[in-house]
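First comes the structure, then the notes that go with it.
The values are calculated or read from the model by the stated rules, or taken from the named source; none is laboratory data. The structure displayed is predicted, hence computed values, not measured ones. Because the Cβ atoms are built from the backbone with ideal geometry, glycine has one as well, and the counts that use them run over all protein chains shown. Side chains are part of the model used for accessible areas, which takes the heavy atoms of the whole protein and leaves out ligands, DNA and RNA. Shrake-Rupley method; radii C 1.70, N 1.55, O 1.52, S 1.80 Å.
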Amino acid sequence: MKVETKVGLLFVVSIILVVIFASAMGVISPFSNTRTLNVRYNYAGGLEDGSPVRVMGIKVGKVRRIEFEPDYKTDKGEEVKLRVVIEVDKKAWTSIRKDSKFFINLAGVIGEKFLEISPGSLEASEFDSGDNVRGEDPPRIDQLISQSYGLAGKMIDFMEKNEGSASNIIHELDHLFTNFNKTLAMLDKVQKNKDISRMIDNTVKITDDLAYLTGNLRSKKAEETYALVYKLLFRLEPLDGPQIKKFLQDEGIKARIF
């Protein structure tokens, strides 16, 4: 065999081995059956190239790459500066719908970061490969810690500046609860006094009778009676003494009032 033939065979074998190694490492996937999505974030939260992509806790893909796009805006006009390109297996593609949510999650307390996709509803339409979708930005732990320190500092400063006021407030609250306990003790003594208890019972009965009376005064029959009295007074108002006397005499009533 010629030297040229050996070199050519060695070159072909080397290329095949490189392709196999790259495929095993996930750098290239010539026979893969995956779809891609562009998930937009403003904070990646530790996500890296090659981080897993999971649906319902099952690994279905990986993060292919993360790119900066400072000039990108969504259809709603929001500026989103990171593009996370993910690959998803075809078997899980139909579970991802346009109402799905894309979170950056953590495996355990100090585990690796991964991209979690919540499955969408059957009513929502599916994505096309290469579509853009807005992800849910993870919370900034450093900002939360910084804000907590700031809030604690403000509380300490407030307490130091208002130490006297705080002491007065505590003293007044203690005085209020002491008086309240005394009031409860006096009420307990009042309840044990038979005369006062009887007076309270009588007062309750009187208020019940008044409530019953006022309830009857607001009844429909009472309203009809009020209307009849009003009409009678309205008709008697223009009458003078002689007319009333004549009216009573005509009715056969002997009266010498007038």
Inset, instruction - Might you let me know whether region 137-153 holds any residue that is modelled with pLDDT of 80 or more and either farther than 30 Å from residue 50 by Cβ or open to solvent by less than 90 Å² (accessible area, probe 1.4 Å) (or both)? - result: yes
Legend entry - Neighbours by Cβ (under 9 Å, 6+ apart or cross-chain): first from region 88-106, touching a residue at least 60 places away in the same chain (Cβ under 8 Å) and within 12 Å of residue 37 (Cβ to Cβ); second of a type in the set (Val, Ile, Thr) and open to solvent by 70 Å² or more (accessible area, probe 1.4 Å): none
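Before we move on, is residue 54 at pLDDT 90 or above and within 17 Å of residue 41 (Cβ to Cβ)?
On the way: at pLDDT 90 or above: yes; within 17 Å of residue 41 (Cβ to Cβ): yes.
Answer is yes for this residue.
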Inset, instruction - Filter region 18-33 down to residues that are closer than 20 Å to residue 114 by Cα and open to solvent by 40 Å² or more (accessible area, probe 1.4 Å) and give me whichever is modelled with the lowest pLDDT. - result: 27
Inset, instruction - Could you check, for region 85-97, whether at least one of its residues is open to solvent by 20 Å² or more (accessible area, probe 1.4 Å), more than 26 Å from the chain's Cα centre (by Cα), acidic (Asp, Glu) and modelled with pLDDT of 90 or more? - result: yes
Legend entry - residue 46 being under 14 Å from residue 113 (Cα atoms), modelled with pLDDT of 90 or more and outside any strand (DSSP E or B): no
Legend entry - Residue that is nearest to residue 72 (Cα to Cα), among those in region 100-136 that are surrounded by 12 or more Cβ atoms within 10 Å (Cβ to Cβ) and charged (D, E, K, R): 134
